[in-house]
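Report on the structure given below.
Throughout, read-outs are computed from the coordinates displayed, never taken from laboratory work. Here the structure is a predicted model, which is why all the values come from computation and not from measurement. Here the Cβ positions follow ideal geometry from the backbone for every residue, glycine too, while neighbour counts run over all protein chains shown.
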Amino acid sequence: MRILIFTEVVSPYVCGISSYIDVLKKGLEKLSHKVVIVTSSMDTEKAYCKNGIIWCPAKKAKNKYGYECKNCEDESVIDFICACKPDVVHIHTDTKIGYMGLKVADRAKIPVVFTIHDYFMDRFAAENKLVWKYRTFFERKHFEDMLDNAGTVTSSCSRAEMFVRRARKRNEVTIIPCAVDRDLFNYKKYDKNTTSSIRRYFGLSDTSTVAVFAGSLTIEKNLEFALSAFAKYIKKTDNIQFLMVGDGTETEYLKEQCRKLQIDMYVCSYDDGLMSMSFGEAMSCGLPVMVKYDNENIASSMVQENINGFVYKNEEEFAKCLKTFANLGMEEKKNIKKTVRNTVLKDSCVEMAKEYIAIYEKTPLIE
């Protein structure tokens, strides 16, 4: 089967969507299927294909990535993509590259699968309510357009069903949990010298407890919560450091917040997102996860308190969880690593790919 995956971002852009696609592509190719990724880039003025990725010209945009496909209706680009003779279009975004996916599917007369990775009506920090309402109106419209034109809708988290109900478009969402590349995210592959050199590179102490956030730096991640908690409750004598890995529309703002709060490194948590890829990746590395309590008990239900992670409700509890782990002995931390790795959500990219192949084969064509 030939699968076209449409996404506004790919690795090395650090976010859950790019990680999800990496794992899915690996699984599909292990099953001998052909995968071509279609994405956008600010570094090209003409569409081209390299290493299984079709790069389309992009422009700056006020979305969560800061850019989007320049012309999703470019007939020459659509012809170029259709030359791959795809069997199915799999869309992972409701931005312009997602619309290009719909155009390609319509031209090639093939079914569309749409995977929901996020949906936040308040993701924009606008200067006034009128601008906010204008932007979120189009955010909702784009999301609904994907729902209207997809034969099947999937997500890694049941919370997506709530987003779909809000849109009042359909009821069914097929839930496929995230797989994790356990070979890539495996702490056993790295020796002490390697980890020490990485710590030195990032200015981290060899003796400190380091908490890591990896993902896109956008409004819905609620980064300010962690910054505030760290500034209020974590002291230098606690010997705890925070490392954030990623990029996004809020990067410069968050750097300024760190300077004001005199924070060097930071981590974050959010209230109403879908299941994060980094959640499973961290566990595969043997890292206990810190999760903010959610009313639906979706993310927090995956945590076994003091076994593979911690659940907190407010800034003070956030700091308390960090200190609890930091005060454990080396042997206790080693034992936790082994336990945590064994509780990974799903460890086979091939199994996830098999589920998607079954979906691709039965997805109806939307006329």
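Per-structure values
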item: Paramagnetic label zone (point 7 Å from Cα along Cα-to-C-beta, K323; backbone N under 18 Å) in the stretch 204-248; result: 208-211, 226-242
item: At R0 = 45 Å, FRET efficiency that the Cβ-Cβ distance of S11 and N239 yields, to 0.05; result: 0.85
item: Simple label model, 7 Å out from Cα along Cβ direction - I307 to F202, nm; result: 2.8 nm
item: Between the stretch 322-367 and the stretch 231-255, the Cα center-to-center distance that results, in Å; result: 25 Å
item: In Å, descending, principal axis extents of the Cα set of the chain; result: 62, 49, 39
item: Protection proxy ranking of 70-82, 348-360 - average other beta-carbon atoms within 10 Å, highest first; result: 348-360, 70-82
item: Estimated FRET transfer efficiency when R0 is 45 angstrom, pair E172-Y253 (beta carbons, to 0.05); result: 0.75
item: Highest-first arrangement of 51-63, 6-18, where packing means the average Cβ count within 10 Å; result: 6-18, 51-63
item: Among 95-102, 233-240, the order from most to least packed when residues are scored by Cβ within 10 Å on average; result: 95-102, 233-240
item: Relative contact order, percent, the chain [alpha-carbon distance under 8 Å, six or more residues apart]; result: 18 percent
item: Length released on extending from M330 to K59, taking residue separation times 0.36 nm less the Cα-Cα span; result: 92.6 nm
item: Helix-derived mean residue ellipticity, 222 nm - over the chain, DSSP H n ≥ 4, -39500 (n - 2.57), to 500; result: -12000 deg cm²/dmol
item: Length added when fully stretched, K30-E361, from 0.36 nm per residue minus Cα-Cα; result: 117.4 nm
